[in-house]
1. I need the full set of residues from the range 200-228 which are at pLDDT below 90 and either within 16 Å of the ligand (Cβ to nearest atom) or closer than 25 Å to Ile269 by Cβ (or both), in order please.
2. Taking the options Ile184, Ile195, Ile234, name whichever one is over 24 Å from Glu100 (Cα atoms), surrounded by fewer than 17 Cβ atoms within 10 Å (Cβ to Cβ) and out of contact with any strand residue (DSSP E or B) (no Cβ under 9 Å at 6 or more places or on another chain).
3. Among the listed residues Val169, Val247, Val190, identify the single one that is buried (at least 20 other Cβ atoms within 10 Å of the Cβ) and either in the same structural domain as Phe141 (by TED's automatic domain parsing) or within 30 Å of Gly115 (Cα to Cα) (or both).
4. Of all residues in the range 146-165, count the ones that are surrounded by fewer than 20 Cβ atoms within 10 Å (Cβ to Cβ) and either charged (D, E, K, R) or more than 17 Å from Arg84 (Cα to Cα) (or both).
5. Could you please let me know if Arg197 is charged (D, E, K, R), away from the ligand (no atom under 16 Å from the Cβ) and at pLDDT 85 or above?
6. Check Lys30 against each of (1) open to solvent by less than 70 Å² (accessible area, probe 1.4 Å); (2) touching a residue at least 12 places away in the same chain (Cβ under 8 Å); (3) not assigned by TED's automatic domain parsing to the domain that holds Ala202 and name the one condition it does not meet.
7. Taking Ser22, is it more than 30 Å from Cys248 (Cβ to Cβ), of a type in the set (S, T, N, Q) and either modelled with pLDDT under 90 or part of a loop (DSSP other than H, G, I, E, B) (or both)?
Amino acid sequence: MLVFSDLEDQSGIWKDTRDLFSSDFLYNSKDSEYNDEIYLDALDDIQDRVWECGGGKISAYGLPTSRNREKVTNVIRREKAYNRERLSEEVAEKSPMLNEKQRIVYDTIMTYVNGRDNNQVGAAGSNGFFLAAPGGTGKSFLLNLILDTVRSQGRIAPAVASLGIAATVLHGGRTARNMFKIPIMEYNEVRACSIKRNTETAKLLLMTTVLVWDEVVMANKNTLASLDCTMRDILWVPAFMGGVPFVCAGNLRQILPVIRGGGKNDKLIQCLKSSWSG
Ligand SMILES: Nc1ncnc2c1ncn2[C@@H]1O[C@H](COP(=O)(O)OP(=O)(O)OP(=O)(O)O)[C@@H](O)[C@H]1O
């Protein structure tokens with residue numbers, strides 16, 4: 001809204017809503033009340049997002065100046081900023097709530113993730129997990145518990161979803177396109193993501209313990225292929241997603257990818273289920 005809309009009285013809006021904008025940072029901090037540091041964290045986050053969508057300094061839009069940082073979207077800082085104590089409490093509270101099937105999935109994935117050394121391929125079994133289940137059966141609940149568990153151990157677990165609204169349900173979720181700079185591709189085209197070596201995002205992928213993608217069925221299969229070939233390239237490992245444990249979830253009975261001007265066949269061809277091999 002700051003970049004693309006003509007908002008009036010941005011500084012007034014910030015004053016009225018800054019607690020709402022900063023609530024995640026308060027939750028993840030050791031403080032119990034809002035303070036200037038928490039507001040600065042929120043302003044840094046807003047600044048990162050404004051830069052991501054091509055805007056300038058937020059002070060130019062009438063918001064208070066954020067910290068005087070370089071123009072870097074520091075994805076690693078964001079992924080490491082979780083309050084491990086609070087996450088451990090959350091895991092201790094939510095873990096006993098898993099039902100029998102969720103427990104089997106959680107244990108299988110966590111055993112795989114914990115059983116392999118960070119950033120090394122070699123644990124037995126496939127590193128790809130696909131939770132296919134009807135809506136409302138607790139897929140996101142389970143993904144969030146996996147994310148909280150891994151992050152409470154101080155390890156990195158980026159979480160993405162195919163659409164913005166789905167990303168809001170995931171803890172620390174972002175859209176896959178935004179996180180991995182997945183290019184807009186023609187029908188049946190696969191191009192690598194715009195992630196250069198030595199960038200923050202490339203370093204993040206090298207540090208990743210587990211990668212989570214919710215509502216994956218809504219994504220065109222080319223976007224997953226794009227991420228797959230990028231991960232293989234950046235990690236220099238010729239295995240699926242560069243060997244990084246990849247957990248995705250979706251419901252094949254829900255919304256298939258949208259193909260502009262396409263018919264049912266096109267949707268089925270571009271769906272994850274008729275995906276690539278290798
Ligand atoms: N084991 C559980 N204990 C308590 N609540 C749960 C449990 N599993 C899921 N829920 C709750 O059930 C609701 C639906 O779960 P969730 O959103 O994870 O389902 P979903 O399979 O991801 O649905 P959709 O595919 O429609 O996104 C949520 O409110 C979630 O908190």
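The values are calculated or read from the model by the stated rules, or taken from the named source; none is laboratory data. Quantities reported herein were computed from a predicted structural model and do not represent experimental measurements. Every residue, glycine among them, receives a Cβ derived from its backbone with ideal geometry; neighbour counts consider all protein chains shown. The protein model used for the area step is the full one, side chains on, heavy atoms only, and it has no ligands, DNA or RNA in it. Shrake-Rupley method; radii C 1.70, N 1.55, O 1.52, S 1.80 Å.
1. Glu215, Val216, Val217, Met218, Ala219, Asn220, Lys221, Asn222, Thr223, Leu224, Ala225, Ser226
2. Ile184
3. Val247
4. 4
5. On the way: charged (D, E, K, R): yes; away from the ligand (no atom under 16 Å from the Cβ): yes; at pLDDT 85 or above: no.
Judged against the criteria, Arg197 is not a match.
6. Status for Lys30: all satisfied but (1).
7. The answer is no for Ser22.
Per-residue answers, yes or no, for (1) at pLDDT 85 or above; (2) open to solvent by less than 60 Å² (accessible area, probe 1.4 Å); (3) in a loop (DSSP other than H, G, I, E, B); (4) not assigned by TED's automatic domain parsing to the domain that holds Asp24:
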residue: Pro64; (1), (2), (3), (4): no, yes, yes, no
residue: Glu89; (1), (2), (3), (4): yes, no, no, yes
residue: Gln102; (1), (2), (3), (4): yes, yes, no, yes
residue: Asp107; (1), (2), (3), (4): yes, no, no, yes
residue: Met110; (1), (2), (3), (4): yes, yes, no, yes
residue: Val113; (1), (2), (3), (4): yes, yes, no, yes
residue: Asn118; (1), (2), (3), (4): no, no, yes, yes
